[in-house]
Amino acid sequence: MKAPLHLGVAGLGTVGTGLLQLLASRREHLEQALGRQIRVTAVCARSRAKPRAASFDGAIWFDDPVKLAVDPAIDVFVELIGGDEGAARASVEAALAAGKHVVTANKALLAKHGLALARLAEKHNVALNFEAAVAGGIPVIKMLREALAANEVRRVYGILNGTCNFILTKMQNEHLAFADVLKEAQEKGYAEADPTFDIGGFDAAHKLALLTSLAFGTAVDCSQIRVEGIENITAGDIDAASDLGYRIKLLGMAEQTPTGVEARVNPVLVPKGATLAEVAGVTNSVAIDGDFVGTLLLVGPGAGSKPTASAVASDIVDIARGLVMPPFVHPSASLKPYKRAEAGLHQGSFYIRLAVEDRPGAMAAITRRMADESVSLESIVQRQSRHQAGATPPAAATVILVTHETTEDQIRRALDAIVRDGKLTGKPQMIRIEELE
Ligand SMILES: NC(=O)c1ccc[n+]([C@@H]2O[C@H](COP(=O)([O-])OP(=O)(O)OC[C@H]3O[C@@H](n4cnc5c(N)ncnc54)[C@H](OP(=O)(O)O)[C@@H]3O)[C@@H](O)[C@H]2O)c1
(Lines give C-alpha, C1' and ligand atoms only; values in the text may rest on other atoms or scores of the structure.)
Protein backbone atom coordinates (compact mmCIF):
# COMPACT_ATOMS: atom_id res chain seq x y z
CA MET A 1 0.00 0.00 0.00
CA LYS A 2 1.31 3.42 -0.98
CA ALA A 3 1.62 6.26 1.54
CA PRO A 4 -1.65 8.08 2.29
CA LEU A 5 -2.38 11.33 0.48
CA HIS A 6 -2.78 14.08 3.09
CA LEU A 7 -5.27 16.85 2.37
CA GLY A 8 -5.57 20.28 3.92
CA VAL A 9 -9.08 21.57 3.27
CA ALA A 10 -9.60 25.34 3.57
CA GLY A 11 -13.27 26.33 3.53
CA LEU A 12 -15.97 24.22 5.16
CA GLY A 13 -19.03 25.77 3.56
CA THR A 14 -21.31 24.32 0.88
CA VAL A 15 -18.54 22.67 -1.14
CA GLY A 16 -16.12 21.94 1.72
CA THR A 17 -18.67 20.00 3.77
CA GLY A 18 -19.85 18.20 0.62
CA LEU A 19 -16.27 17.09 0.01
CA LEU A 20 -15.84 15.82 3.60
CA GLN A 21 -19.10 13.87 3.28
CA LEU A 22 -18.03 12.34 -0.02
CA LEU A 23 -14.57 11.34 1.18
CA ALA A 24 -16.10 9.72 4.28
CA SER A 25 -18.77 7.81 2.39
CA ARG A 26 -16.38 6.59 -0.37
CA ARG A 27 -13.35 5.95 1.86
CA GLU A 28 -13.07 2.19 1.32
CA HIS A 29 -13.84 2.34 -2.37
CA LEU A 30 -11.21 5.01 -2.96
CA GLU A 31 -8.62 3.17 -0.88
CA GLN A 32 -9.12 0.00 -2.92
CA ALA A 33 -9.15 1.79 -6.26
CA LEU A 34 -6.09 3.93 -5.56
CA GLY A 35 -4.10 1.59 -3.37
CA ARG A 36 -3.70 4.38 -0.85
CA GLN A 37 -5.79 6.30 1.65
CA ILE A 38 -6.99 9.83 1.16
CA ARG A 39 -6.90 11.51 4.55
CA VAL A 40 -8.24 14.90 5.61
CA THR A 41 -5.29 15.84 7.79
CA ALA A 42 -6.04 19.51 8.41
CA VAL A 43 -8.96 21.89 7.96
CA CYS A 44 -9.59 25.61 8.14
CA ALA A 45 -12.57 27.97 8.16
CA ARG A 46 -13.39 31.32 9.75
CA SER A 47 -15.38 30.08 12.70
CA ARG A 48 -14.33 27.04 14.69
CA ALA A 49 -17.57 27.06 16.67
CA LYS A 50 -19.93 26.97 13.72
CA PRO A 51 -21.88 23.70 13.40
CA ARG A 52 -20.89 21.81 10.23
CA ALA A 53 -22.77 19.20 8.22
CA ALA A 54 -19.69 16.96 8.11
CA SER A 55 -17.23 15.57 10.60
CA PHE A 56 -13.53 16.39 10.57
CA ASP A 57 -12.55 14.52 13.71
CA GLY A 58 -8.86 13.87 13.87
CA ALA A 59 -7.98 16.75 11.55
CA ILE A 60 -5.83 19.61 12.83
CA TRP A 61 -7.71 22.94 12.93
CA PHE A 62 -6.10 26.06 11.45
CA ASP A 63 -7.47 29.58 11.77
CA ASP A 64 -5.18 30.84 9.03
CA PRO A 65 -5.47 29.23 5.56
CA VAL A 66 -1.96 30.41 4.59
CA LYS A 67 -0.47 28.51 7.54
CA LEU A 68 -2.46 25.44 6.56
CA ALA A 69 -1.32 25.79 2.94
CA VAL A 70 2.36 25.46 3.85
CA ASP A 71 2.03 22.92 6.65
CA PRO A 72 4.54 20.08 6.14
CA ALA A 73 1.89 17.51 7.10
CA ILE A 74 -0.17 18.05 3.92
CA ASP A 75 0.43 17.02 0.30
CA VAL A 76 -2.58 18.72 -1.29
CA PHE A 77 -4.12 22.08 -0.44
CA VAL A 78 -7.85 22.18 -1.26
CA GLU A 79 -9.04 25.78 -1.53
CA LEU A 80 -12.82 26.10 -1.07
CA ILE A 81 -12.96 29.61 0.37
CA GLY A 82 -13.80 31.66 -2.73
CA GLY A 83 -12.95 35.18 -3.93
CA ASP A 84 -10.31 36.41 -6.34
CA GLU A 85 -8.06 38.03 -3.72
CA GLY A 86 -7.57 37.84 0.05
CA ALA A 87 -7.31 34.51 1.82
CA ALA A 88 -7.99 32.39 -1.27
CA ARG A 89 -5.28 33.96 -3.42
CA ALA A 90 -2.71 34.20 -0.60
CA SER A 91 -3.18 30.58 0.46
CA VAL A 92 -3.13 29.13 -3.07
CA GLU A 93 0.05 31.05 -3.91
CA ALA A 94 1.64 29.95 -0.65
CA ALA A 95 0.73 26.31 -1.23
CA LEU A 96 2.11 26.23 -4.78
CA ALA A 97 5.30 28.01 -3.73
CA ALA A 98 5.71 25.43 -0.96
CA GLY A 99 5.46 22.62 -3.52
CA LYS A 100 1.94 21.46 -2.58
CA HIS A 101 -0.58 20.31 -5.16
CA VAL A 102 -3.64 22.58 -5.24
CA VAL A 103 -7.26 21.74 -5.95
CA THR A 104 -9.71 24.62 -6.13
CA ALA A 105 -13.30 25.35 -7.18
CA ASN A 106 -12.57 29.06 -7.44
CA LYS A 107 -13.35 30.38 -10.94
CA ALA A 108 -13.01 34.02 -9.89
CA LEU A 109 -9.43 33.45 -8.69
CA LEU A 110 -8.44 31.50 -11.79
CA ALA A 111 -10.10 33.89 -14.24
CA LYS A 112 -8.07 36.73 -12.75
CA HIS A 113 -4.78 35.06 -11.80
CA GLY A 114 -4.90 31.75 -13.67
CA LEU A 115 -1.83 32.35 -15.80
CA ALA A 116 0.40 33.44 -12.89
CA LEU A 117 -0.81 30.53 -10.77
CA ALA A 118 -0.23 28.06 -13.62
CA ARG A 119 3.35 29.35 -13.96
CA LEU A 120 3.89 28.88 -10.23
CA ALA A 121 2.46 25.35 -10.33
CA GLU A 122 4.66 24.37 -13.28
CA LYS A 123 7.74 25.89 -11.66
CA HIS A 124 7.22 23.64 -8.64
CA ASN A 125 6.05 20.67 -10.70
CA VAL A 126 2.75 20.36 -8.85
CA ALA A 127 -0.86 20.08 -9.97
CA LEU A 128 -3.31 22.98 -10.07
CA ASN A 129 -6.66 21.30 -10.67
CA PHE A 130 -9.97 23.12 -10.97
CA GLU A 131 -12.65 20.80 -12.36
CA ALA A 132 -15.30 22.28 -10.05
CA ALA A 133 -14.63 25.84 -11.21
CA VAL A 134 -16.66 25.41 -14.42
CA ALA A 135 -20.15 23.95 -14.56
CA GLY A 136 -20.02 22.29 -11.10
CA GLY A 137 -20.49 18.55 -11.46
CA ILE A 138 -19.99 18.43 -15.25
CA PRO A 139 -16.48 17.10 -16.02
CA VAL A 140 -15.77 19.59 -18.80
CA ILE A 141 -12.21 20.48 -17.77
CA LYS A 142 -11.24 16.82 -17.89
CA MET A 143 -12.94 16.54 -21.25
CA LEU A 144 -10.86 19.37 -22.70
CA ARG A 145 -7.61 18.53 -20.92
CA GLU A 146 -7.65 14.80 -21.53
CA ALA A 147 -10.32 13.25 -23.74
CA LEU A 148 -10.12 15.93 -26.45
CA ALA A 149 -6.41 16.72 -26.12
CA ALA A 150 -5.75 15.57 -29.69
CA ASN A 151 -8.66 17.45 -31.29
CA GLU A 152 -8.62 20.94 -32.66
CA VAL A 153 -11.47 22.62 -30.82
CA ARG A 154 -13.43 24.96 -33.05
CA ARG A 155 -16.05 26.14 -30.63
CA VAL A 156 -17.04 25.70 -27.02
CA TYR A 157 -20.31 27.05 -25.73
CA GLY A 158 -23.00 26.47 -23.21
CA ILE A 159 -25.29 27.43 -20.39
CA LEU A 160 -22.80 28.26 -17.67
CA ASN A 161 -24.92 30.02 -15.07
CA GLY A 162 -27.76 28.16 -13.34
CA THR A 163 -29.29 31.30 -11.84
CA CYS A 164 -29.80 32.93 -15.24
CA ASN A 165 -31.14 29.73 -16.73
CA PHE A 166 -33.58 29.34 -13.83
CA ILE A 167 -34.84 32.90 -14.35
CA LEU A 168 -35.21 32.59 -18.12
CA THR A 169 -36.93 29.19 -17.86
CA LYS A 170 -39.40 30.50 -15.30
CA MET A 171 -40.12 33.66 -17.31
CA GLN A 172 -40.77 31.43 -20.32
CA ASN A 173 -42.94 28.80 -18.61
CA GLU A 174 -45.00 31.14 -16.43
CA HIS A 175 -45.02 34.31 -18.56
CA LEU A 176 -43.56 36.32 -15.69
CA ALA A 177 -41.54 39.53 -15.69
CA PHE A 178 -37.78 39.44 -15.01
CA ALA A 179 -38.01 41.38 -11.72
CA ASP A 180 -40.67 39.03 -10.27
CA VAL A 181 -38.69 35.89 -11.10
CA LEU A 182 -35.46 37.37 -9.78
CA LYS A 183 -37.20 38.07 -6.47
CA GLU A 184 -38.37 34.45 -6.26
CA ALA A 185 -34.90 33.16 -7.17
CA GLN A 186 -33.46 35.22 -4.32
CA GLU A 187 -36.07 33.89 -1.89
CA LYS A 188 -35.26 30.31 -2.95
CA GLY A 189 -31.51 30.87 -2.58
CA TYR A 190 -30.78 30.46 -6.31
CA ALA A 191 -29.71 34.09 -6.60
CA GLU A 192 -27.51 36.16 -4.29
CA ALA A 193 -28.82 39.21 -2.44
CA ASP A 194 -26.65 41.19 -4.89
CA PRO A 195 -27.42 39.29 -8.10
CA THR A 196 -25.30 41.48 -10.44
CA PHE A 197 -22.52 38.94 -10.70
CA ASP A 198 -24.86 36.23 -12.00
CA ILE A 199 -27.45 38.12 -14.00
CA GLY A 200 -24.89 40.52 -15.46
CA GLY A 201 -23.12 37.51 -17.05
CA PHE A 202 -19.85 37.96 -15.11
CA ASP A 203 -19.91 34.55 -13.40
CA ALA A 204 -20.42 32.89 -16.79
CA ALA A 205 -17.59 35.02 -18.20
CA HIS A 206 -15.17 33.72 -15.55
CA LYS A 207 -16.03 30.16 -16.53
CA LEU A 208 -15.82 30.95 -20.25
CA ALA A 209 -12.37 32.51 -19.72
CA LEU A 210 -11.13 29.16 -18.39
CA LEU A 211 -12.82 27.14 -21.14
CA THR A 212 -11.39 29.49 -23.79
CA SER A 213 -7.86 28.99 -22.52
CA LEU A 214 -8.23 25.21 -22.35
CA ALA A 215 -9.88 24.97 -25.77
CA PHE A 216 -7.66 27.35 -27.75
CA GLY A 217 -4.34 27.32 -25.90
CA THR A 218 -4.58 31.02 -25.08
CA ALA A 219 -3.58 32.77 -21.87
CA VAL A 220 -6.56 33.24 -19.55
CA ASP A 221 -7.87 36.76 -20.07
CA CYS A 222 -11.32 37.52 -18.76
CA SER A 223 -11.09 41.19 -19.78
CA GLN A 224 -11.29 40.18 -23.46
CA ILE A 225 -14.73 38.60 -23.12
CA ARG A 226 -17.70 40.64 -24.27
CA VAL A 227 -20.33 40.37 -21.56
CA GLU A 228 -24.02 41.16 -21.63
CA GLY A 229 -26.45 39.89 -18.99
CA ILE A 230 -30.14 39.03 -18.98
CA GLU A 231 -31.44 42.07 -17.13
CA ASN A 232 -32.91 43.66 -20.27
CA ILE A 233 -34.79 40.57 -21.44
CA THR A 234 -38.52 41.14 -21.13
CA ALA A 235 -41.36 38.65 -20.94
CA GLY A 236 -42.41 40.13 -24.27
CA ASP A 237 -39.05 39.13 -25.82
CA ILE A 238 -39.50 35.58 -24.58
CA ASP A 239 -43.02 35.37 -26.02
CA ALA A 240 -41.99 36.89 -29.34
CA ALA A 241 -39.01 34.51 -29.57
CA SER A 242 -41.30 31.58 -28.81
CA ASP A 243 -43.74 32.59 -31.55
CA LEU A 244 -40.76 32.68 -33.94
CA GLY A 245 -39.71 29.15 -32.86
CA TYR A 246 -36.91 30.05 -30.42
CA ARG A 247 -36.00 30.05 -26.73
CA ILE A 248 -33.86 32.75 -25.14
CA LYS A 249 -30.79 31.44 -23.27
CA LEU A 250 -27.76 33.12 -21.74
CA LEU A 251 -24.88 31.43 -23.54
CA GLY A 252 -21.15 31.66 -23.09
CA MET A 253 -19.49 30.99 -26.43
CA ALA A 254 -15.88 30.99 -27.59
CA GLU A 255 -15.03 30.24 -31.19
CA GLN A 256 -12.07 30.40 -33.48
CA THR A 257 -12.60 32.96 -36.24
CA PRO A 258 -10.25 34.09 -39.03
CA THR A 259 -9.37 37.21 -37.00
CA GLY A 260 -8.88 35.55 -33.61
CA VAL A 261 -10.92 33.98 -30.84
CA GLU A 262 -14.31 35.49 -30.24
CA ALA A 263 -15.49 34.93 -26.69
CA ARG A 264 -18.73 36.37 -25.45
CA VAL A 265 -21.45 35.88 -22.91
CA ASN A 266 -24.83 37.14 -24.01
CA PRO A 267 -28.48 36.21 -24.38
CA VAL A 268 -29.18 34.45 -27.67
CA LEU A 269 -32.16 32.98 -29.48
CA VAL A 270 -31.76 29.20 -29.86
CA PRO A 271 -34.14 27.11 -32.02
CA LYS A 272 -36.68 25.23 -29.91
CA GLY A 273 -35.52 21.92 -31.38
CA ALA A 274 -31.90 22.43 -30.22
CA THR A 275 -30.81 20.34 -27.25
CA LEU A 276 -29.60 23.44 -25.39
CA ALA A 277 -33.06 24.99 -25.71
CA GLU A 278 -34.44 22.18 -23.55
CA VAL A 279 -31.90 22.63 -20.74
CA ALA A 280 -34.14 24.03 -18.03
CA GLY A 281 -33.85 25.53 -14.56
CA VAL A 282 -30.52 25.56 -12.73
CA THR A 283 -29.03 22.86 -14.96
CA ASN A 284 -25.84 23.67 -16.90
CA SER A 285 -24.74 22.41 -20.29
CA VAL A 286 -21.53 22.65 -22.28
CA ALA A 287 -21.04 21.75 -25.95
CA ILE A 288 -17.66 21.29 -27.59
CA ASP A 289 -17.08 21.13 -31.35
CA GLY A 290 -13.87 19.26 -32.18
CA ASP A 291 -12.47 18.64 -35.65
CA PHE A 292 -12.31 14.84 -35.32
CA VAL A 293 -14.86 14.08 -32.63
CA GLY A 294 -17.68 16.32 -33.89
CA THR A 295 -19.98 17.89 -31.31
CA LEU A 296 -20.14 16.66 -27.74
CA LEU A 297 -22.79 17.86 -25.33
CA LEU A 298 -22.58 17.56 -21.58
CA VAL A 299 -25.59 18.33 -19.38
CA GLY A 300 -25.77 18.26 -15.60
CA PRO A 301 -25.84 20.09 -12.29
CA GLY A 302 -23.75 23.25 -12.45
CA ALA A 303 -23.64 23.86 -8.70
CA GLY A 304 -24.64 22.49 -5.30
CA SER A 305 -22.80 20.78 -2.50
CA LYS A 306 -22.69 17.22 -3.84
CA PRO A 307 -22.09 17.79 -7.58
CA THR A 308 -19.35 20.32 -6.87
CA ALA A 309 -17.76 18.04 -4.27
CA SER A 310 -17.82 15.25 -6.86
CA ALA A 311 -15.72 17.42 -9.20
CA VAL A 312 -13.30 18.45 -6.44
CA ALA A 313 -12.86 14.80 -5.44
CA SER A 314 -12.06 13.80 -9.04
CA ASP A 315 -9.18 16.31 -9.01
CA ILE A 316 -7.90 14.82 -5.75
CA VAL A 317 -8.12 11.31 -7.19
CA ASP A 318 -5.98 12.39 -10.17
CA ILE A 319 -3.32 13.64 -7.79
CA ALA A 320 -3.51 10.44 -5.75
CA ARG A 321 -2.80 8.57 -9.01
CA GLY A 322 0.22 10.75 -9.69
CA LEU A 323 -1.31 12.62 -12.62
CA VAL A 324 0.25 16.08 -12.90
CA MET A 325 -0.11 18.15 -16.07
CA PRO A 326 0.07 21.80 -17.02
CA PRO A 327 -3.09 23.45 -15.64
CA PHE A 328 -4.15 24.82 -19.05
CA VAL A 329 -3.05 21.78 -21.08
CA HIS A 330 -0.16 23.59 -22.77
CA PRO A 331 2.82 24.64 -20.65
CA SER A 332 2.10 28.23 -19.62
CA ALA A 333 5.15 29.54 -21.53
CA SER A 334 3.58 28.33 -24.77
CA LEU A 335 0.07 29.69 -24.15
CA LYS A 336 -0.61 32.24 -26.88
CA PRO A 337 -1.61 35.77 -25.93
CA TYR A 338 -5.33 36.10 -26.41
CA LYS A 339 -5.99 37.65 -29.82
CA ARG A 340 -9.52 38.92 -29.74
CA ALA A 341 -11.55 38.61 -32.91
CA GLU A 342 -12.51 41.88 -34.56
CA ALA A 343 -15.78 42.99 -33.02
CA GLY A 344 -18.84 43.36 -35.17
CA LEU A 345 -17.79 41.01 -37.97
CA HIS A 346 -19.94 38.13 -36.71
CA GLN A 347 -22.29 37.05 -39.49
CA GLY A 348 -25.69 35.90 -38.42
CA SER A 349 -29.34 36.69 -38.03
CA PHE A 350 -30.59 39.00 -35.34
CA TYR A 351 -33.82 39.53 -33.41
CA ILE A 352 -34.61 43.20 -32.88
CA ARG A 353 -37.35 44.72 -30.74
CA LEU A 354 -38.24 48.35 -31.21
CA ALA A 355 -40.68 50.54 -29.32
CA VAL A 356 -41.91 52.73 -32.15
CA GLU A 357 -44.09 55.83 -32.09
CA ASP A 358 -47.50 54.75 -33.34
CA ARG A 359 -47.55 57.32 -36.16
CA PRO A 360 -47.76 57.04 -39.95
CA GLY A 361 -44.37 56.72 -41.61
CA ALA A 362 -42.49 55.28 -38.62
CA MET A 363 -42.29 51.74 -40.03
CA ALA A 364 -41.23 52.98 -43.43
CA ALA A 365 -38.41 54.98 -41.84
CA ILE A 366 -37.16 51.88 -40.02
CA THR A 367 -37.12 49.65 -43.06
CA ARG A 368 -35.37 52.41 -45.04
CA ARG A 369 -32.58 52.68 -42.44
CA MET A 370 -32.14 48.91 -42.51
CA ALA A 371 -31.97 48.94 -46.31
CA ASP A 372 -29.39 51.78 -46.19
CA GLU A 373 -27.07 49.38 -44.34
CA SER A 374 -27.98 46.45 -46.66
CA VAL A 375 -29.71 44.62 -43.82
CA SER A 376 -32.44 42.48 -45.32
CA LEU A 377 -35.35 41.51 -43.16
CA GLU A 378 -36.83 38.06 -42.89
CA SER A 379 -39.84 39.30 -41.00
CA ILE A 380 -41.26 42.44 -39.49
CA VAL A 381 -44.18 42.11 -37.12
CA GLN A 382 -46.09 44.59 -35.00
CA ARG A 383 -47.05 42.91 -31.74
CA GLN A 384 -49.63 43.43 -29.10
CA SER A 385 -47.66 42.57 -25.97
CA ARG A 386 -49.42 40.43 -23.38
CA HIS A 387 -47.10 41.96 -20.79
CA GLN A 388 -46.60 45.31 -19.24
CA ALA A 389 -43.02 44.69 -18.12
CA GLY A 390 -40.70 46.15 -20.72
CA ALA A 391 -43.76 46.98 -22.75
CA THR A 392 -44.02 50.24 -24.56
CA PRO A 393 -46.03 53.28 -23.51
CA PRO A 394 -49.58 53.49 -24.88
CA ALA A 395 -48.66 55.74 -27.81
CA ALA A 396 -46.05 53.27 -29.00
CA ALA A 397 -46.11 49.99 -30.88
CA THR A 398 -43.78 47.04 -30.34
CA VAL A 399 -42.15 46.00 -33.59
CA ILE A 400 -40.16 42.78 -33.90
CA LEU A 401 -37.69 42.44 -36.75
CA VAL A 402 -35.80 39.30 -37.72
CA THR A 403 -32.90 39.89 -40.08
CA HIS A 404 -31.30 37.65 -42.66
CA GLU A 405 -27.56 36.97 -42.30
CA THR A 406 -25.73 40.22 -41.69
CA THR A 407 -22.96 41.59 -39.50
CA GLU A 408 -23.40 43.09 -36.07
CA ASP A 409 -21.72 46.28 -37.33
CA GLN A 410 -24.35 46.75 -40.04
CA ILE A 411 -27.20 46.28 -37.56
CA ARG A 412 -25.65 48.66 -35.05
CA ARG A 413 -25.21 51.38 -37.68
CA ALA A 414 -28.83 50.93 -38.81
CA LEU A 415 -30.10 51.06 -35.22
CA ASP A 416 -28.03 54.17 -34.47
CA ALA A 417 -29.65 55.88 -37.46
CA ILE A 418 -33.13 54.78 -36.34
CA VAL A 419 -32.48 56.16 -32.86
CA ARG A 420 -31.26 59.46 -34.38
CA ASP A 421 -34.47 59.71 -36.41
CA GLY A 422 -36.29 60.09 -33.09
CA LYS A 423 -39.13 57.68 -33.82
CA LEU A 424 -38.43 55.28 -30.96
CA THR A 425 -39.82 55.62 -27.46
CA GLY A 426 -37.29 53.26 -25.81
CA LYS A 427 -33.88 51.65 -26.29
CA PRO A 428 -33.77 49.04 -29.06
CA GLN A 429 -33.28 45.41 -28.05
CA MET A 430 -30.93 43.33 -30.22
CA ILE A 431 -30.32 39.62 -29.66
CA ARG A 432 -28.27 37.24 -31.78
CA ILE A 433 -29.89 34.17 -33.25
CA GLU A 434 -27.70 31.07 -33.02
CA GLU A 435 -28.93 28.30 -35.30
CA LEU A 436 -27.65 25.50 -33.02
CA GLU A 437 -28.79 21.89 -33.42
N1 LIG B 1 -21.59 26.44 -3.93
C2 LIG B 1 -21.52 25.92 -5.13
O3 LIG B 1 -22.45 25.29 -5.62
C4 LIG B 1 -20.25 26.10 -5.93
C5 LIG B 1 -20.18 25.54 -7.23
C6 LIG B 1 -19.01 25.65 -7.96
C7 LIG B 1 -17.94 26.35 -7.42
N8 LIG B 1 -18.04 26.90 -6.17
C9 LIG B 1 -16.88 27.61 -5.64
O10 LIG B 1 -16.44 26.94 -4.47
C11 LIG B 1 -15.86 27.87 -3.56
C12 LIG B 1 -16.55 27.73 -2.22
O13 LIG B 1 -17.92 28.00 -2.38
P14 LIG B 1 -19.00 27.65 -1.23
O15 LIG B 1 -20.33 27.81 -1.88
O16 LIG B 1 -18.67 26.41 -0.54
O17 LIG B 1 -18.77 28.90 -0.25
P18 LIG B 1 -19.29 29.06 1.25
O19 LIG B 1 -20.41 28.13 1.52
O20 LIG B 1 -19.50 30.52 1.45
O21 LIG B 1 -18.04 28.58 2.13
C22 LIG B 1 -16.87 29.33 2.21
C23 LIG B 1 -16.02 28.77 3.35
O24 LIG B 1 -14.80 29.49 3.40
C25 LIG B 1 -14.55 29.86 4.73
N26 LIG B 1 -13.80 31.12 4.74
C27 LIG B 1 -14.17 32.32 4.24
N28 LIG B 1 -13.19 33.23 4.43
C29 LIG B 1 -12.20 32.59 5.07
C30 LIG B 1 -10.93 33.00 5.58
N31 LIG B 1 -10.49 34.25 5.44
N32 LIG B 1 -10.17 32.07 6.19
C33 LIG B 1 -10.60 30.79 6.33
N34 LIG B 1 -11.79 30.35 5.88
C35 LIG B 1 -12.58 31.25 5.26
C36 LIG B 1 -15.90 30.01 5.39
O37 LIG B 1 -15.76 29.86 6.79
P38 LIG B 1 -17.03 29.88 7.80
O39 LIG B 1 -17.87 28.69 7.41
O40 LIG B 1 -16.44 29.74 9.14
O41 LIG B 1 -17.72 31.18 7.53
C42 LIG B 1 -16.67 28.86 4.72
O43 LIG B 1 -16.48 27.67 5.43
C44 LIG B 1 -16.02 29.24 -4.24
O45 LIG B 1 -14.85 29.56 -4.93
C46 LIG B 1 -17.16 29.02 -5.21
O47 LIG B 1 -17.11 29.90 -6.32
C48 LIG B 1 -19.16 26.79 -5.43
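The values are calculated or read from the model by the stated rules, or taken from the named source; none is laboratory data. Please read these numbers as outputs of a predicted model, since none were measured by experiment. Please note: Cβ atoms are built from the backbone with ideal geometry, for glycine as well, and neighbour counts cover all protein chains shown. All accessible areas refer to the heavy atoms of the entire protein, side chains included, with ligands and DNA or RNA removed. Shrake-Rupley method; radii C 1.70, N 1.55, O 1.52, S 1.80 Å.
For Lys188, the lysines whose Cα comes closer than 17 Å to its Cα, not counting residues fewer than 8 places off in the same chain, are Lys170.
Surface analysis of the stretch 347-433 yields an accessible area of 51 Å² per residue, using protein heavy atoms and a 1.4 Å probe. Percent of C-alpha pairs per 10 Å bin in the chain, short distances first: 4, 20, 28, 22, 14, 8, 3, 1, 0. Here the accessible area of the chain is 50 percent carbon and sulfur, with a 1.4 angstrom probe and all protein chains present. For a label point 7 Å from the Cα of Val70 along Cα→C-beta, name the residues of the stretch 83-108 whose backbone N is under 13 Å from it. Only 90-100 fall inside the zone, counting backbone N under 13 Å. The slack between Thr295 and Val324, meaning 0.36 nm per residue of separation minus the straight C-alpha distance, is 7.7 nm.
For the stretch 347-433, the equivalent ellipsoid derived from the Cα gyration tensor has semi-axes of 20, 14, 11 Å, listed largest first. Here the simple spin-label model places points 7 Å from the Cα toward Cβ, and for Glu437 and Ala53 these points are separated by 4.0 nm. Once the Cα-Cα distance is subtracted from the 0.36 nm per residue extended length, the Asn232 to Gln382 segment shows a gain of 52.0 nm. Go ahead and estimate [θ] at 222 nm for the chain from helices alone: -39,500 (n - 2.57) per DSSP H run with n ≥ 4, summed, over the residue count, rounded to 500. Using -39500 (n - 2.57) per qualifying helix, the result is -10000 deg cm²/dmol. Looking at the chain alone, DSSP beta bridges between its own residues are antiparallel in about 65 percent of cases.
Starting from the Cα gyration tensor of the stretch 53-201, take the square roots of the eigenvalues, sort them a ≥ b ≥ c, and report rounded, prolate or oblate (rounded when a/c is under 1.5, otherwise prolate if a/b is larger than b/c, else oblate). Oblate, since a/c reaches 1.5 and b/c is not below a/b.
A 1.4 Å probe run over the protein chains yields, for the stretch 140-301, 35 Å² of accessible area per residue, whole-number rounding.
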